[in-house]
Amino acid sequence: MSSAVLVARPRALALGRVAAGLAVASAAVHLLLVDGSLGSVVMVLMAAACLPCAWHLWRWPTGSVWRFTALVDAGMLALHAQLMGGSPVHAHHGGTSPSLMWLGLALVGAQLALAGAAALRRP
């Protein structure tokens, strides 16, 4: 049954695979931010949080997978907006490369755009 659906919706699968690639890239950016501090534990956990979405988006990008991915991405954007704003709560990121932070934001933004496109394509 699933192979017939995959053949019928190759664009949906392709969109999911692009988003999965973005999720893996987001995980890589988080790992690049590991610096040996206590905040590095958070970075590793955030990288690990990207991988289940990547797996599900690659294998079978259903509406619930897209919604969950969009929810996680929105949460990451909210957190990263605080980081970029210099919130004292996240002072452990003081030495973080701004270019990596902007790259991470761009990846999450692109994933949200793909989730929106997937939502519009659904019947």
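Some points to look at:
- Residue in the range 8-18 that is touching a Cys at 6+ places or on another chain (Cβ under 7 Å) and either at pLDDT below 85 or assigned to a helix (DSSP H, G or I) (or both) present: no
- Here the range 21-72 is the region considered, the condition is being of a type in the set (S, T, Y) and either within 9 Å of the chain's Cα centre (by Cα) or within 16 Å of V108 (Cα to Cα) (or both), and the residue that is modelled with the highest pLDDT is S26.
- For the range 24-64, filtered to residues that are touching a Lys or Arg at 6+ places or on another chain (Cβ under 9 Å) and in a helix (DSSP H, G or I), the residue that is farthest from G116 (Cα to Cα) is W58.
The values are calculated or read from the model by the stated rules, or taken from the named source; none is laboratory data. The model shown is predicted, which means the values in this text are computed figures rather than measured ones. Reconstructed Cβ throughout: ideal geometry from the backbone, glycine too, with neighbour counts over all protein chains shown.
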